[in-house]
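Coordinate-derived values only; no laboratory data. Note that this is a predicted model, so its numbers are computed, not measured. FYI the Cβ positions are ideal-geometry reconstructions off the backbone, even for glycines, and counts take in every protein chain you see.
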Amino acid sequence: MQILIAITVICIFLSLAVDQKITIEGITRGLKMFFDLLPSLLTVLALVSVFLYLVPDETIILLLGSKSGAMGIAIAAMVGSIALIPAFIAFPIAKILMVKGVSYPVVAVFITTLIMVGVLTLPIEIKYFGKKAALMRNGLSFFGALIVGLLIGIFL
Amino acid sequence: MIGKNHLKAYFWTILFAIFIIGSLALSFDPGLKIYANFSEFFLEMITFLPLMFLLVGLFDVWIPKEKIEKHIGHGSGIGGTLWVILLATLQAGPLYGAFPVAYILSQKGASVRNIFIYLGVFSAMKIPMLTFEIGFLGLKFSILRTLFSLPIFITIGFIMERYLDKDYKVTT
């Protein structure tokens with residue numbers, strides 16, 4: 001985070017030093033894009049907040065921990081695809097799952113679907129990429145995540 | 001300067017805000033918990049995304065299209081893919097932060113394949129996230145997951161390129 005702030009400040013100063021007018025143009029463009037995205041982003045974040053309240057961490061651990069084998073992988077893929085959990089929460093959850101004896105493939109499928117597939121952020125993704133591309137990317141990533149899980153199961 | 005369109009766009013946000021203010025006033029417990037979740041996400045988003053967009057805006061005005069086209073555009077080959085992978089691993093933040101970057105790369109002429117490889121690598125192989133993953137899940141798990149993921153992202157890139165229109169562009 002600090003790095004990003006530093007890079008942004010340095011870039012803005014460098015840019016200002018070279019050309020003020022172009023810099024202001026760039027900043028305006030960036031901010032405009034941000035404010036265009038803001039309403040849909042806030043809606044998604046509100047949705048996710050409600051979702052996480054209805055499905056708390058303990059429920060996720062319970063869901064994934066109770067079953068193993070193909071059923072466990074199916075549940076992991078579904079939970080991972082729908083849930084929008086930031087990495088700093090997801091990895092501790094995955095760690096708890098591992099300690100509880102949940103198999104590596106299940107944890108891997110959970111993590112990979114979580115970071116690659118975003119059902120709740122789909123409205124934002126469609127805004128940028130169009131329906132076809134967004135659905136394709138999520139669908140392909142879903143199967144990709146299953147493959148990663150299976151490979152991890154073979155090697156770990 | 002709040003027009004009808006603004007109100008419409010923020011409809012759900014306003015509804016949510018009313019719900020939260022009501023919950024705070026009445027100490028409605030589910031509402032308070034939802035608010036706690038929301039403020040956590042909101043803080044993550046608001047500290048990070050405006051900076052990202054400032055960089056995207058500067059990138060837009062300074063980097064000429066020809067440069068991007070030449071390095072990661074059509075026919076840039078394996079070198080282009082390596083550039084995109086390097087760019088994506090050096091970033092941080094949630095996946096929705098990668099969308100504006102994908103947009104600007106696409107507008108500047110990056111190929112469809114490289115756009116989607118970028119998104120994949122961003123989602124699963126960012127170095128800041130990897131360090132975190134290694135800390136929790138161990139080196140072996142993290143490295144295997146990364147190694148297996150990369151070819152899948154490259155494959156997804158090729159498939160997307162095959163099935164999307166030739167002149168496909170990311171928009172806003």
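Values for this structure:
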{"quantity": "Sites residue A:57 and residue A:13 - FRET efficiency at Förster radius 45 Å, r taken between beta-carbons, to 0.05", "calculated": "0.60"}
{"quantity": "Charge dipole (debye, nearest 20) of the range B:1-93; +1 at Cβ of Lys and Arg, -1 at Cβ of Asp and Glu", "calculated": "240"}
{"quantity": "Shielding score for B:62-68, defined as the mean number of other chain Cβ atoms within 10 Å", "calculated": "1"}
{"quantity": "Distance (nanometres) between label positions extended 7 Å along Cα→Cβ at residue B:29 and residue A:6", "calculated": "4.5"}
{"quantity": "Which of B:79, B:117, B:15, positive extreme of dipole for chain B (C-beta unit charges)", "calculated": "B:79"}
{"quantity": "Top positive-direction residue, dipole computed over the range B:35-172 with Cβ charges, set B:56, B:35, B:156", "calculated": "B:156"}
{"quantity": "Residue mean of other protein chain beta carbons inside 10 Å, B:144-153", "calculated": "6"}
{"quantity": "Label-point gap, in nm, between residue A:120 and residue B:12 - each point 7 angstrom along Cα→Cβ", "calculated": "1.2"}
{"quantity": "Whole-Å distance, taken between Cα centres, linking the range A:56-124 and the range B:101-172", "calculated": "20"}
{"quantity": "Within chain B: Cβ-based charge dipole about Cα centre, in debye rounded to nearest 20 (Lys, Arg +1; Asp, Glu -1)", "calculated": "300"}
{"quantity": "10 Å Cβ neighbours from other chains, averaged over peptide A:70-80", "calculated": "0"}
{"quantity": "Dipole magnitude of the protein assembly as shown about its Cα centre (Cβ charges: Lys, Arg +1; Asp, Glu -1), debye to nearest 20", "calculated": "520"}
{"quantity": "Greater than 19 Å apart at Cα, pairs in B:33/B:126; A:132/B:166; A:131/B:166; A:127/B:8; A:32/A:131", "calculated": "B:33/B:126; A:32/A:131"}
